[in-house]
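To start, the structure itself, in structure tokens.
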Amino acid sequence: MPTNRAFIYSLRDIVKDFVSFLIVWYRLIAKISYAIFTRFESVKDLLVGFLYRQRGRFAKPFVHTSMMGLSAAGVMLAPVVASNHPNFFQDAQQAQTPIILLASTQVEPESTDLTQKVRDKILKYTVEPGDTLSSISKKFDISVDTILWQNDLTERSTIRPGQSLEILPVSGIAHKVGRGDTIYSIAKKYKANAQAMVDFPFNTFSDDETFGLTVGQILIVPDGVEPAAPAGGITRVLILPILTIHR
């Protein structure tokens, strides 16, 4: 037992000494590192100051030397490339031709004017000072009648700045589909072409094969004409003879 206890004490002392050694070694390394970094910072400050004072002085010689080196490398490598790849320069020239053509092509910017874009829905337009029905129709490339029909106006109606108008994508009628409506019945009602309604890209159908319609949807009828209001008829009065009976 005394031998084992002495061994344990001896091992504990060894571990303690080793830990003390590590601590001293760490402090020494930290001190040396601090001294090295401090000296490096002072040297770095001197170097940075020198380069800052000499900034731009060696730029021109450096550029000239670099260009001369690149030129010399090109002269030395050109025969090697030409011997190993006979069609290299010809292929490179052909490959650059489309790039030159594309670079010289000017692409016109697309206009973002709402009046020139293909419209896919009914717009809300606010009347501006100086606007007339004729000027608005020209601005949106639709007929005056289209504006009148869509906004429940007549030829005698006047528009005022700030007034809101609905503008259709094309000249014609915007029809709200009712129960029993079909492409052909709507075309007949507005004296329009059923095929033009089908071909209009923003008209949708519940069935693309039969051109089925959904009740309540808005269907654009290109070149449709508002049905004329029934003319006022003449009231016929039937005058019956008065029969007088004498007693």
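Throughout, read-outs are computed from the coordinates displayed, never taken from laboratory work. Note that the coordinates shown come from a computational prediction; the quantities given were computed from them, not determined experimentally. Cβ atoms come from the backbone with ideal geometry, glycine included; neighbour counts cover every protein chain shown.
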(Q) Assuming 0.36 nm per residue, please report the length gained on full extension of the stretch residue 202 to residue 73 beyond their Cα-Cα distance. (A) 40.1 nm
Q) So between residue 156 and residue 210, what do we pick up on full extension, going 0.36 nm a residue minus the alpha carbon distance? A) 15.3 nm
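Provide the gained length on full extension for the span residue 191 to residue 41, in nm with one decimal, where the gain is 0.36 nm per separating residue minus the Cα-Cα distance.
Contour length minus Cα-Cα distance gives 44.9 nm.
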Q: Under 9 Å from the Cβ of residue 190, count the other residues' Cβ atoms, weight Lys and Arg +1, Asp and Glu -1, and hand me the total.
A: +1
**Q.** Cα-based reach from residue 138 at 23 Å (exclusive), listing lysines while leaving out same-chain residues under 8 positions away
**A.** 117, 121, 124
Q: Straight distance only, please: which aspartates and glutamates reach the Cα of residue 139 with their own Cα at less than 15 Å, same-chain residues fewer than 8 apart left out?
A: 113, 128, 131, 166
Q: Run down the aspartates and glutamates and flag those whose C-alpha is under 20 Å from the C-alpha of residue 189, throwing out any fewer than 8 positions away in its chain.
A: 145, 152, 181, 199, 223, 226
